[in-house]
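The values are calculated or read from the model by the stated rules, or taken from the named source; none is laboratory data. Note that the coordinates shown come from a computational prediction; the quantities given were computed from them, not determined experimentally. Cβ atoms come from the backbone with ideal geometry, glycine included; neighbour counts cover every protein chain shown.
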Amino acid sequence: MAQRTHLDKVPLPEFGVPDRFPELAPGLYLDRLERLKKRASDAGFEALAIYSDREHFANLAYICGVDPRFEEALLVIVGRNEPVLITGPENQGYAGVSPLDFRLVLYPPFGLLGQNRSQTPEIEEVMRELGLREGVTTGVIGWKYFTSDETAKPASWLEIPSYLADALRTVVGEKNVRNATDLFMHPTTGMRTENEIDQIAQFEYAASHVSEAVKRVLRALKPGITERDLSDELRLGRLPLSCHPMISSGGRTRLGLASPSDKVIERGEPFQIAVGVQGALTCRAGWVAEGPDDLPAEVRDYVEVLAGPYFECAAEWYQTVGIGVTGGKLDALVKSHLGDPFFGVTLNPGHLIHLDEWMNSPIYPGSQETLRSGQAIQLDIIPATGSAYGTANIEDGIVLLDEKGRSEFADRYPGAWARIEMRRSFLREMLNVSLKPEVLPMSNLAGYFAPFMLSPSHVFTRSNA
């Protein structure tokens, strides 16, 4: 396949950032709750138990705005009754962040070790008091669901703590407890796969600020600085993290998910950074170099062997993604460019993103799941060559939005819409990457790839030929 990419001098323009976080109205949460109750009823559930902890917060935060801190939490919904949120002692106050009205119940074992638990009731009695009883079909929502590819009984596999699963099975009967996480997280039918206008505005806020954080790091990158000192440039704090910050250089880049260390960054070695907050993640990977002469002799053809083919693939991904496109088409596109075992692309080359960094993915071999308006999708093509060439990465998110949605978004959030339009123009006019009208780039670094990171204005573009 003839390569259409080359390096050009292209200064990255400033797109600006939003200064106010778009809050979700209480009515939106009420609407979500009513839709969830209907979906649960249609699926045959008389009750739901939604589990959450610090790592697995997104489903609870989506439905009621609470992402528990330090502790676990359980939201119980029985029929048309008022929802009941069970928390440990520290989240009794924090639960007030929710715009919903619900009953609040204290369950001390959800709290940290060493706190007073002398007045702890039996969890089974708590559940019965909330209206659960023998025969009530109960859907359990955690953070994963399972399929027949994994187990002969996918509905019976639960990913919540065993003492809660045991209690639910004791109270309502083992056969009446089923995994219901797909109500939120199925890539086609899950509630969180189709985002409202206000939620998309929040994601644009998140992506704008997290991409600017990565941009600050790239501008401060220089030989002699440590990874930890470089991480100070992130200046995070506007939003909760969705994953730990990842900064690594040299041989540490092979660790992939490593947090920054005191290692001194040196000229002529690989470098990567990834930062995620609730609603967005940006990643870049390349070399601490001004050009190929700074690289080890055996990888001075990095552009020809890895970075160029990678950008060509990513550019075509950007131009292909859209409403109605199947996940299988995107997967096949990536394999047509980077299918050689050398590239080591094994993870899904794109996935849905939400408050959590990876919600699910409709992009896999042979997928007939079609992409829809309202979906937030991460370009996530990761070569893991396992070789001296290292990797390449320009991970950012987009949102798909139909004409009606775009009109509403532009009317309600003109500042965000102006930034999106500028990003689209930069991709089209400076990089020769043309997006479909429904593709909205969220990141201020969308499409930007400077493989030699000490020459930040030398980036990949596409030719017309």
Among the residues of the range 396-412, what is the count of those that are in contact (Cβ under 8 Å) with a residue 60 or more places away in the chain and farther than 19 Å from Gln202 by Cα?
0
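Answer with yes or no whether Leu347 is surrounded by fewer than 23 Cβ atoms within 10 Å (Cβ to Cβ), of a type in the set (A, V, I, L, M) and closer than 24 Å to Gln272 by Cα. Show your work before the answer.
Values: surrounded by fewer than 23 Cβ atoms within 10 Å (Cβ to Cβ): yes; of a type in the set (A, V, I, L, M): yes; closer than 24 Å to Gln272 by Cα: yes.
Yes: the conditions hold for Leu347.
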What tally of residues in the range 229-244 results from selecting those that are part of a loop (DSSP other than H, G, I, E, B) and either under 17 Å from Met453 (Cβ atoms) or charged (D, E, K, R) (or both)?
2
Determine if the range 257-264 includes at least one residue that is in contact (Cβ under 8 Å) with a residue 24 or more places away in the chain, within 20 Å of the chain's Cα centre (by Cα) and either farther than 29 Å from Phe57 by Cβ or crowded, with 17+ Cβ neighbours inside 10 Å (or both).
no
Scan the range 327-349 and give yes if some residue there is in the same structural domain as Gly397 (by TED's automatic domain parsing), modelled with pLDDT of 95 or more and in contact with a strand residue (DSSP E or B) (Cβ under 6 Å, 6 or more places away or on another chain), otherwise no.
no
Does Leu113 qualify as being touching a helix residue (DSSP H, G or I) at 6+ places or on another chain (Cβ under 7 Å) and not assigned by TED's automatic domain parsing to the domain that holds Gln199?
no
Subset of the range 55-111, residues under 19 Å from Arg39 (Cβ atoms) and of a type in the set (Phe, Trp, Tyr), comes to Tyr62, Phe102
Filter the range 212-232 down to residues that are under 25 Å from Arg423 (Cα atoms) and either hydrophobic (A, V, I, L, M, F, W, C) or buried (at least 19 other Cβ atoms within 10 Å of the Cβ) (or both), then give me how many there are.
8
List the strands (runs of 3 or more DSSP E) inside the range 365-465, counting only whole elements, that have at least 2 residues being over 20 Å from the mean Cα position of the chain (by Cα), under 24 Å from Pro270 (Cβ atoms) and modelled with pLDDT of 95 or more.
458-462
Filter result (in contact with a Gly (Cβ under 7 Å, 6 or more places away or on another chain), within 25 Å of Lys175 (Cα to Cα) and not aromatic (Phe, Trp, Tyr)) within the range 48-71
Leu48
May I ask you to verify whether Ile381 is in the same structural domain as Ala297 (by TED's automatic domain parsing) and touching a Lys or Arg at 6+ places or on another chain (Cβ under 9 Å)?
no
Residue, surrounded by the most Cβ atoms within 10 Å (Cβ to Cβ), within the range 277-310, restricted to residues that are in contact with a Pro (Cβ under 8 Å, 6 or more places away or on another chain) and closer than 20 Å to Leu440 by Cα
Val277
Among the residues of the range 265-276, the number that are buried (at least 17 other Cβ atoms within 10 Å of the Cβ) and touching a residue at least 24 places away in the same chain (Cβ under 8 Å) is 8
Looking only at residues in the range 148-194 that are touching a helix residue (DSSP H, G or I) at 6+ places or on another chain (Cβ under 6 Å) and part of a helix (DSSP H, G or I), which one is surrounded by the fewest Cβ atoms within 10 Å (Cβ to Cβ)?
Thr170
